[in-house]
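Inspection log for the structure reproduced underneath, given as structure tokens.
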Amino acid sequence: MGKVTRSYALDPGVAAWMDKQPDGRGKTRSRSMMVSEAIFYYWMHEADTIATQIKNLREVNRLYLEELRVLRSKRSFWSRIKTRLGR
């Protein structure tokens with residue numbers, strides 16, 4: 001593999017947070033390793049999975065909201081009937 005140019009800029013707070021993150025062996029990971037992992041999981045691994053999950057959750061949410069709207073409309077119908085019968 002050839003030489004890879006790495007260049008990134010971090011806010012001071014983010015850099016300080018990254019310096020405190022352990023690698024699981026009691027050592028701190030380098031910023032470069034963390035940025036490489038983040039880019040890999042965001043762009044090459046998890047991005048499609050997360051986008052698909054978001055789309056599926058939005059569809060499920062739409063279905064539940066439609067079902068809730070139908071149930072509320074039925075409840076109000078029965079509530080009107082009970083009110084008229086109670087008079």
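The values are calculated or read from the model by the stated rules, or taken from the named source; none is laboratory data. Just so it is clear, the model here is predicted, and its values are computed rather than measured. Because the Cβ atoms are built from the backbone with ideal geometry, glycine has one as well, and the counts that use them run over all protein chains shown.
Of these, K74, K55, K3, K82, which one is outside any helix (DSSP H, G or I) and either basic (K, R) or modelled with pLDDT of 80 or more (or both)?
That would be K3, the only listed residue that is outside any helix (DSSP H, G or I) and either basic (K, R) or modelled with pLDDT of 80 or more (or both).
Filter region 6-20 down to residues that are at pLDDT 75 or above and not hydrophobic (A, V, I, L, M, F, W, C) and give me whichever is surrounded by the most Cβ atoms within 10 Å (Cβ to Cβ).
D19
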